[in-house]
Amino acid sequence: MKNIIKISQLNNLNNYKIKIFCLLISVFFLPSALPISLIFLLISITLSILKFRNLILRNQFLYIYLICTGLMILSYLNSKSIDYQNIIEFENNLSSIDLANWIPYFLCFLGFQYLLKNNRVRKYVGIFLLLGTVPVIFSCISQYWFKWYGPFTTMNNLIIWFQRSIQEGEGVTGLFNNPNYAAIWLTAIWPFSLLFQRLRNKLTFVSLGFSSLIFYFSLLTNSRNSFLCFLIIIPMMLRLKKIVYLRSLVGLSIIIFLIKISDLFFKITTKFSDFIPLLLFNKITNIGFDSPRAEIFKKAFYLISQRPIFGWGAKTFPPLYKKLGGVWDVQHTHNFFLELSHNYGLIVAGLIFLSIIYIMSTSFRVIFYSSNFNNLENKAWFSSSLVCIIFQTTDFTLYDGKICILFWILLAGLRGIVISSEDQIPEKVES
């Protein structure tokens, strides 16, 4: 009998290690080789759900996302009854594809929240996210400085590094398809890079350089969201005092003003334009209320008001927007809540949005107001999640599978921290 118990414990331990191993390999390949990442991700999710199925069945988020899934299916069936041909020239065959995208993400969150309850597992995930970002930085360097342009493909075009030719007014994309995708990945990963500045060995200089490169290329994407996120998460991660932070903001505002009015600055920096993100400074100092986003949001609100319960169906916004006289070439509403509301209705959008807000608010209270959980590792998870949410206010980068998987893993990690606090398990953080 004792031998049987030992074998059972050994099998449980091996299964636990397999789940963690597959998750770590998945996050490592996530930005650079999505198909490989998905294989290990599905294995880890399946094993995690089987392992924690009893806990998941009692989890309130299961029922919230089951309701959302049901409403999404009803929305999809309802959209099939719309006579689009009398409205727009559109074949409604993409809604089912978008619908199938959401269910794996719900399962990703449900399965990983208990696996990521362990602080050591979260630490290793952060390390492997950083290691997986090395190819991203390499692609940014080769694209921006050495002008190596793609696309570079392998595995019968399953893996693509885009590395587009950078046109005037565009930012760095690296291996991503869009500068905003590169921006959100680099900005979200940056808080994890700060964790390794505390290492007391020869890797400290290397980690500092890598962290600086992530920060630098985040700015070179010319994303205002990245700039805003850094203003928020830097004091959050580095424990800057309020007065110091306010002085920094004032100083930064003065610098931007001087940059704006100084012709001498631009004459000097013209020779170094390949190294200084001048376009980003221009975008920051030229924010107006007549931006394309305002016009897109206005038409999105109108379309939502026409079908508030079930929405119009996925992938219908671009042609409907054009039908309303839209002047911009857009593929979505550029806002998380508006996109879900337009596609699946206000109920689905509200449930998912409120669930995310609940996760963020409960984890914020645990991380920043509990002495047992107030540490740099947990702050990195919160900061990275906050970055992803901020980006969704003026863009919808979750259509990129890499970004969406990262987002739901981060949320699962935050939920894991809350579960640990509810179990009253103080975390032992290794320095």
Inset, instruction - Could you please tell me which pairs satisfy a Cβ distance under 7 Å, a separation of 6+ or placement on different chains, a first residue in the stretch 207-235 that is without any contact (Cβ under 8 Å) to a residue 40 or more places away in the chain, and a second residue that is of a type in the set (Ser, Thr, Tyr)? - result: Ser207/Ser193; Ser211/Ser193; Ser218/Thr187; Ser218/Ser226; Pro235/Tyr245
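Can you find a residue that is modelled with pLDDT of 80 or more, in contact with a Cys (Cβ under 7 Å, 6 or more places away or on another chain) and not charged (D, E, K, R) anywhere in the stretch 171-179?
Step one: of the stretch 171-179, the residues modelled with pLDDT of 80 or more are 171-179.
With in contact with a Cys (Cβ under 7 Å, 6 or more places away or on another chain) added as a condition, the list becomes 172, 174.
With the extra rule that they be not charged (D, E, K, R), the set shrinks to 172, 174.
Yes, that holds for at least one residue.
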Legend entry - Any pair with Cβ under 7 angstrom, 6 or more apart, that starts in the stretch 372-394 at a residue that is farther than 15 Å from Ser193 by Cα and ends at one that is of a type in the set (Gly, Ala, Ser) and part of a helix (DSSP H, G or I): Phe373/Ser421; Cys388/Ala188
Inset, instruction - Those residues that are under 29 Å from Asn222 (Cβ atoms), open to solvent by 20 Å² or more (accessible area, probe 1.4 Å) and of a type in the set (S, T, N, Q), I need them from the stretch 96-146; list them, please. - result: Asn101
Legend entry - Residue count, the stretch 397-407 (criterion: under 19 Å from Met360 (Cα atoms), in contact with a helix residue (DSSP H, G or I) (Cβ under 6 Å, 6 or more places away or on another chain) and of a type outside the set (Val, Ile, Thr)): 3
Legend entry - Criterion (hydrophobic (A, V, I, L, M, F, W, C), at pLDDT below 90 and open to solvent by 20 Å² or more (accessible area, probe 1.4 Å)) met by exactly one of Ile73, Ile64: Ile73
Legend entry - Enumeration of residues in the stretch 312-327 that are open to solvent by 10 Å² or more (accessible area, probe 1.4 Å) and under 25 Å from the mean Cα position of the chain (by Cα): Lys315, Pro318
Inset, instruction - Take the stretch 363-372 and flag every residue that is open to solvent by less than 10 Å² (accessible area, probe 1.4 Å) and not small (Gly, Ala, Ser). - result: Ile367
Inset, instruction - Could you grab the pairs with beta carbons closer than 6 Å, sequence gap of 6+ or different chains, first residue in the stretch 311-323 and within 16 Å of Cys68 (Cα to Cα), second one acidic (Asp, Glu)? - result: Ala314/Asp98
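Out of the helices (runs of 4 or more DSSP H) lying entirely within the stretch 295-406, which hold 2 or more residues that are in contact with a Leu (Cβ under 6 Å, 6 or more places away or on another chain)? Before the answer, list the steps.
On the way: elements: 317-323, 336-344, 346-369, 376-391.
Where helices (runs of 4 or more DSSP H) fall fully within the stretch 295-406 and carry at least 2 residues being in contact with a Leu (Cβ under 6 Å, 6 or more places away or on another chain), they are 346-369, 376-391.
Restricting to the stretch 142-178, count the residues that are in a helix (DSSP H, G or I) and free of Cβ contacts under 8 Å to residues at least 24 places away in the same chain. Before the answer, list the steps.
Just the residues of the stretch 142-178 that are in a helix (DSSP H, G or I), to begin with: 142-144.
Those left that are additionally free of Cβ contacts under 8 Å to residues at least 24 places away in the same chain: 142.
So the answer is 1.
The values are calculated or read from the model by the stated rules, or taken from the named source; none is laboratory data. These figures come from a predicted structure and were not determined experimentally. A quick note on method: Cβ atoms are made from the backbone with ideal geometry, for glycine too, and the neighbour counts reach across all protein chains shown. The accessibility values were calculated without ligands, DNA or RNA, using every heavy atom of the protein model including side chains. Shrake-Rupley method; radii C 1.70, N 1.55, O 1.52, S 1.80 Å.
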